[in-house]
Amino acid sequence: MRYYTGVKDLGNLQEAVKEALEIKKNRFAYKHLGENKTLLMVFFNNSLRTRLSTQKAGMNLGMNTIVLDVNQGAWKLETERGVIMDGDKSEHLLEAIPVMSQFCDVIGIRSFATFENKQNDYEETIVNQFIKYSGKPVFSMETATCHPLQAFADLITIEEYKKVKRPKVVLTWAPHCRALPQAVPNSFADFMNEADVDFVITHPEGYELCEKFVRNAKVTYNQDEALAGADFVYAKNWSAYRDPNYGKIISKDPSWTITTEKMALTNNGYFMHCLPVRRGLIVTDDVIEGPNSLVIPEAGNREISAQTVIKRILEDLQ
Ligand code: AN0
Ligand code: CP
């Protein structure tokens, strides 16, 4: 593997999950792969889980790791070509990328949607510039439209906890106070559409996701109907995708919060969320603290999804 920006890069998904579960049993078995190799993790946005789990994954593989927080201590970067740089941005991405790549063998990149230009966001211009100008393998740690390390960890978690061969998995929108990207639901849908699950998406009208990720999934505006008989409830807020509301909050309807009453509609279903989560908006304390909450093992599996991806990248670098 040279690049990891979406589900397609994993090839056979069942085999990728199998490989991840093998790695989980013995995470230090591939330490030789990363010897004298350096992982650079570039963050344009905040992170707790991705930063820790990806660094840990690199260390499990014997790599040295460097973390760069672009907005804390590095020069502010211009990303557009053809601009006169007389504002607050001191350096251009087109120099910064090849300089970064002098000091590493593999690059992870986190760069959220800016919501300034939908086309730029959905064409993934930032990560694609890293791919084009770094000369190094590049993987996503959540880019403008996708978070494939998260969705891979989610699928591993579903595989570990499922009680039936083909579980019902529901992705539900939930209210939030800030406009959030569509990356997490996009990637979750992308993975679930390829997995052996009965997949349903539910959200208020106007929160339709990009068709390229939804594909043939069942979509309903009726959350209760979607939750009926669910084995897994995956809650997430996202801002509107469709024009003219791209990147905007168009509803904060509190009746979409995941509560004990909502979970009672499910098949004793598990609760999932990528974290960070705002209690009282997305989910109640009782649900997230309850016995059916998978949020902690789900976060733990971020180490495994990252390690599987970096292992495959290192295997191709040998
Ligand atoms: C981000 C998002 O919704 O994409 C990161 C989630 C992993 N969440 C927030 O910014 C709160
Ligand atoms: N789930 C996730 O990616 O968390 P962080 O934003 O804390 O990395």
Enter the accessible area per residue of the stretch 150-298 (Å², integer; probe 1.4 Å; all protein chains in place). 41 Å²
How far is helix 125-134 tilted, in degrees, relative to the longest principal axis of the Cα atoms in the chain, given as a value from 0 to 90 rounded to the nearest 10? 40 degrees
State to the nearest 20 debye the size of the charge dipole of the stretch 150-298 about its Cα centre, where the only charges are +1 on K and R beta carbons and -1 on D and E beta carbons. 220 debye
What would the Debye equation give as log₁₀ I(q)/I(0) for the stretch 1-78 at q = 0.11, 0.12 Å⁻¹, counting only Cα atoms as equal point scatterers? -0.38, -0.45
If you count only protein heavy atoms with a 1.4 Å probe, what accessible area per residue comes out for the stretch 6-115, rounded to a whole Å²? 54 Å²
Rounded to the nearest 10 degrees, what's the angle between the helix 13-25 long axis and the longest principal axis of the chain, both from Cα atoms, 0 to 90? 80 degrees
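Could you work out what % of the accessible surface of the stretch 150-298 is carbon and sulfur, using a 1.4 angstrom probe and leaving DNA, RNA and ligands out of the count?
Carbon and sulfur: 50 percent of the exposed surface of the stretch 150-298.
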Along the Cα→Cβ direction, 7 angstrom out, place labels at V67 and L317. What is the inter-label distance in nm? 1.9 nm
Any idea how far the Cα center of the stretch 96-150 sits from the one of the stretch 152-168, in Å? 29 Å
With an 8 Å Cα cut-off and a minimum separation of 6 or more residues, compute the relative contact order for the chain in percent. 20 percent
For the chain, modelled as a GNM with alpha-carbon contacts under 10 angstrom, which of M272, M59, M85 fluctuates the most? M85
The chain, dipole about Cα centre (Lys/Arg Cβ +1, Asp/Glu Cβ -1), debye to the nearest 20: 560 debye
Rounded to one decimal in nm, the spacing of the 7 Å Cα→Cβ label points at N128 and I250 is 2.6 nm
Kirkwood Rh, Cα Rg: Rg to Rh for the stretch 150-298? 0.92
Only Lys, Arg (+1) and Asp, Glu (-1) charged, at Cβ; the stretch 1-48 dipole about Cα centre in debye: 100 debye
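Check the stretch 150-298 and count each lysine pair with an alpha-carbon distance under 18 angstrom, considering only pairs eight or more places apart or from different chains.
8
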Using a Gaussian network for the chain with springs between C-alpha atoms less than 10 Å apart, which of these wobbles most: R27, R278, R51? R278
Scattering profile of the chain at q = 0.06, 0.15 Å⁻¹ [log10 I(q)/I(0), Debye over alpha-carbon scatterers]: -0.20, -1.22
How far, in nm, would the chain grow between F115 and K24 when pulled straight, counting 0.36 nm per residue and subtracting the alpha carbon separation? 29.1 nm
Projecting the Cα atoms of Y207, S134, T308 onto the charge dipole of the chain, where Lys and Arg contribute +1 and Asp and Glu -1 at Cβ, the residue farthest towards the positive end is T308
Lysines within cross-link reach of K311: Cα-Cα under 16 Å, excluding same-chain residues under 8 positions apart? K18, K24, K25, K31, K37, K56, K136
May I ask which residue of I249, I66, T266 lies farthest towards the positive end of the charge dipole of the chain, with charges of +1 (Lys, Arg) and -1 (Asp, Glu) on Cβ and the Cα centre as origin? I66
Per the charge dipole of the stretch 1-143 (beta-carbon charges, Lys/Arg positive, Asp/Glu negative, Cα centre), the residue among M100, M1, A29 reaching farthest to the positive end is A29
Enclosed volume per residue, in Å³, of the convex hull spanned by Cα atoms of the stretch 87-218: 148 Å³
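The values are calculated or read from the model by the stated rules, or taken from the named source; none is laboratory data. Just so it is clear, the model here is predicted, and its values are computed rather than measured. Please note: Cβ atoms are built from the backbone with ideal geometry, for glycine as well, and neighbour counts cover all protein chains shown. All accessible areas refer to the heavy atoms of the entire protein, side chains included, with ligands and DNA or RNA removed. Shrake-Rupley method; radii C 1.70, N 1.55, O 1.52, S 1.80 Å.
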